[in-house]
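A short reminder: the numbers here are calculations on the coordinates, not readings from a lab. What you see is a predicted model, and the numbers here were worked out from it, not measured in a lab. Note that each Cβ is placed from the backbone with ideal geometry, even for glycine, and that neighbours are counted across all protein chains shown.
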Amino acid sequence: MSASVDSEELDINLTPLLDLILQLIMFFMITINFVRVDQFDESINLPLATQAVPMDNTAEDWIFLNLDSHGRLVGTLSTFLLDTPQKLKVHLMREKDSMERAAKEKGKPGEQKIVIILRADKQCKYAEVWTVLHSCQLAGFKHWQLRVKTLPGAKGPPPA
Amino acid sequence: MAHKRKPPAAAGGVQLGLIITPMLDMSFQILAFFIMTYHPSALERNIPGSLVPPEDFAKKSKDNTNVTPTDPLSIPEDDLNPELDAAVTVKIRCVIKGQEDKFRALGSPAQIFVRTAIETEQQLVAEIDGKDLTVDVALKKLDRELKAMVTKGTTKANLKIAPDGDLRQEYVMAVYDTCKNSGFSKVHFVPPPVLNTKIK
């Protein structure tokens, strides 16, 4: 007598596993945040601050600048040769123009609120941060935000 | 007429069960993709600031003869934000090249001063030697000093942080945190004196 005729087939039930996997996929799909490389440059070790606030959502657009520990611009901007404040200023002016042109094409006239998000390494010198900010200022930008790291569970500043 | 019963699949018929193995494979691949691209973005926050347009600097400066619109930071520190004349200034001197030792790193704070608008001279709050007085202790002393000012109510709750150009960003942020925690709601940054001198 052969086993295939009399005994039951012992298959692993994969349905609960599949259910679990699909639930995990749903969780990640909901929480995924597709961001540009500039926004999360892992090479930048941000300083710690508890009194920081969430990102300004009233802005129309953002420009991310990454400063490494030696005060050099890294990330996507490293492909350009922006070794002097003047070159950075010209580059930022071009970026601003193209953003404003794109906004006009979308039917948003007037001045756009473009915010510079500066991700400066914690070992970076204060003067190097201001050299970049000075170029931003000359390029016509009015708003900037300094990106910092917060501790998990930090509540931030109390409302004014 | 008797209903003829279908014979069981094991007895030679075609098995019509759903084959879920390829679906499971694909699900694992999608799951791996999402796990790899997952970033907990909530851990990064921002400290907001604003840049005065170059033309406004020229208007606000007391002496417009040496100021051009392309030279906004070359005006004196006090003209930078005229509405902040009544602000408390926290000045931080840092350890420069040649002064560093095993207790004090290059670019770390060396001295912290505080000056109110009515005082002519800045007051030394802490001199950091790295042994008896560390940065943490100095920041606690600064916190006490600022809290006393807030309690007196003599200030307009405006504060300017004026660090040396060589001070590391992590210490600038530590001082910013201390100032905000002590009760000053409006904290501003002053461009470093080195940068001002260079532009002049």
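Here is how the numbers come out for the structure above:
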item	result
Intensity falloff of the range B:87-199 expressed as log10 I(q)/I(0), Debye formula with alpha-carbon point scatterers, at q = 0.18, 0.22, 0.23 Å⁻¹	-0.88, -1.25, -1.34
Dipole magnitude of the range B:87-199, debye to nearest 20 (Cβ charges: Lys/Arg +1, Asp/Glu -1, about Cα centre)	360
For B:VAL125, distant residues with modelled amide H under 5 Å away	B:ILE112, B:PHE113, B:VAL114
Taking B:TYR38, A:TYR126 and counting other C-beta atoms within 10 Å, the order from fewest to most	B:TYR38, A:TYR126
Exposure proxy ranking, count of Cβ atoms within 10 Å, fewest first, for A:HIS134, A:HIS70	A:HIS70, A:HIS134
Built amide H within the under 5 Å cut-off of B:LEU167, gap 5+	A:TYR126, A:ALA127
Using a Förster distance of 45 Å, the FRET efficiency for A:THR31-B:LEU124 (Cβ separation, nearest 0.05)	0.35
Amide H partners (placed H, <5 Å) of B:LYS160, local residues excluded	B:VAL88, B:THR89, B:VAL90, B:HIS188
Sequence of B:ARG115, B:ARG45, A:ARG101 once ranked by neighbouring C-beta atoms within 10 Å, starting from the fewest	A:ARG101, B:ARG115, B:ARG45
